[in-house]
Amino acid sequence: MMETENRKILVVDDNLELAEIVSQFLEIQGFQVCVAHNGNTAIRKISSESPELVLLDLKLPDIGGSEVLKKIKEIDESIAVVILTGYGSEQIAVELMKLGASDFIPKPFERDVLLGAINNALKIRHAQVEDKKFQRYSSLESFFPFLAHEIRNPLHAIGGALAIIRRRSDVNDEYLSRSIKIIQEEVAHLNDFVQECLDFVRPPTKSYFTEVDINEVISIVMNIIAHMSEEPSKKIKVVTEMDPQLPKVYGNYEEIKRAFLNIVKNGFEAMRDGGEFAIKTYTRQNPSPGWIEAIFIDHGEGIKKEHQASLFEPFFTTKLGGTGLGLAICHRIIVERHHGKIEIESERGSGTIIKVGLPIHQPPENPGGIG
Ligand SMILES: Nc1ncnc2c1ncn2[C@@H]1O[C@H](COP(=O)(O)OP(=O)(O)OP(=O)(O)O)[C@@H](O)[C@H]1O
Ligand SMILES: [Mg+2]
């Protein structure tokens, strides 16, 4: 994950010359840089430029550095702030660390001290952002069942009432029939959504682990998708290259099927204009023996670089009707529950390759647990 290109730093210093030197140096290091010469501009630029890090001079002509720091943290807590201090203001700087500053550098400073402090602060920021994601993720575990319950009960009632309306209404009223159909479809859509949310948080069901033939799963999935998909996908030509010697893997058949279905569905959805969709299976010796791999190659629209880091996040979607749970569920199933791997390579405009690796045998639940 090379993110240096997108890393934006806001340099806040009223010393124009210093701000210029620092900016130039940071740009050479591959950062995007913006500059503010006073506190108010700095605060404005926090919102308009969304930097990841702020280099903040403590002494500014309009408002104090600590005031600016507080404002920054109010706007976005995750922005890293490195303080630049003049002689003798270390004491204040320490106070500022308590307010959320990541580090401070006494002036004058060497370039590599500056760079070291920046990289360090960015590393910490990154870890914090990841932690936050995890916290949100884990709270979905308790939120989804609640949501499902709250949505399903009324849906059930709507479905029941609708059945009565349908039975009692004039079948020749086309307008009415069409409206009923819309309600039915939307109810089904919500039901599916709730089911997806539940699937996402459902605890692993190790008891359903059996020997699974991945080639067979893929052929079932392709059957399902052929029935499911709409008009444009009729233009998609599916090419398969299955390893006939592919060993079975120990896993949950239904879960693997669901993961593959999500991947294939995405591939089809990305190929609105048709094209070739290839699936291959292999037995793998690398990096270690005992693995199989299924590769899904579409020649669709591809994935934008800036989206690639978010694909597995629950609810990340670029589609109008998408829930953004497809790949999050895949990750859960393949990586967390089957100890496998998913790799995505994509080129905007030319297509996407998804490699799913699965170990043939699951690692023991309790390694070395004797007695
Ligand atoms: N094969 C692909 N080609 C292009 N973009 C893809 C592909 N697979 C995934 N994506 C991108 O990743 C996003 C997330 O995919 P994911 O399957 O998690 O959700 P979704 O397809 O948007 O919604 P859902 O699967 O819940 O209906 C998609 O919105 C799309 O932008
Ligand atoms: Mg999807």
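The values are calculated or read from the model by the stated rules, or taken from the named source; none is laboratory data. Source: prediction; values computed, not measured. With ideal geometry, Cβ positions are generated from the backbone for all residues, glycine too; neighbour counts draw on all protein chains shown.
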* Filter result for the condition that a residue is more than 17 Å from M271 (Cβ to Cβ), among the basic types (K, R), modelled with pLDDT of 90 or more and surrounded by fewer than 19 Cβ atoms within 10 Å (Cβ to Cβ), over K319, K341 -> K341
* Does S48 fit the bill of being modelled with pLDDT of 90 or more and surrounded by fewer than 17 Cβ atoms within 10 Å (Cβ to Cβ)? -> yes
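A quick yes/no check of all residues on (1) near ligand 2 (Cβ under 10 Å from one of its atoms); (2) assigned to a loop (DSSP other than H, G, I, E, B):
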site	(1), (2)
A309	no, no
F312	no, yes
F315	no, yes
K319	yes, yes
H331	no, no
I334	no, no
E343	no, no
L358	no, no
* To do: Go through the range 247-293 and count every residue that is part of a loop (DSSP other than H, G, I, E, B) and within 16 Å of ligand 2 (Cβ to nearest atom).
  => 2
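Tell me the residue from I279, I329 that is buried (at least 16 other Cβ atoms within 10 Å of the Cβ) and near ligand 1 (Cβ under 8 Å from one of its atoms), please.
Selected residue: I329, the only one of I279, I329 that is buried (at least 16 other Cβ atoms within 10 Å of the Cβ) and near ligand 1 (Cβ under 8 Å from one of its atoms).
Is it fair to say I354 is at pLDDT 95 or above, within 16 Å of ligand 1 (Cβ to nearest atom) and closer than 29 Å to K248 by Cα?
Taking the combined requirement at face value, the residue satisfies it.
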* Asked: Looking at E196, E269, E241, E211, which is the one that is away from ligand 1 (no atom under 16 Å from the Cβ), touching a residue at least 40 places away in the same chain (Cβ under 8 Å) and among the acidic types (D, E)?
  -> E241
* Does E345 qualify as being more than 8 Å from ligand 1 (Cβ to nearest atom) and of a type in the set (D, E)? -> yes
* Matching residues in the range 294-307 - criterion: being crowded, with 16+ Cβ neighbours inside 10 Å and assigned to a loop (DSSP other than H, G, I, E, B) -> H299, G300, E301, G302, I303
* Residues N252, N215: which one is surrounded by 14 or more Cβ atoms within 10 Å (Cβ to Cβ), in the same structural domain as H299 (by TED's automatic domain parsing), farther than 28 Å from H149 by Cβ and modelled with pLDDT of 90 or more? -> N215
* Asked: Quick one: would you say K304 is farther than 23 Å from I224 by Cα, charged (D, E, K, R) and within 13 Å of ligand 1 (Cβ to nearest atom)?
  -> yes
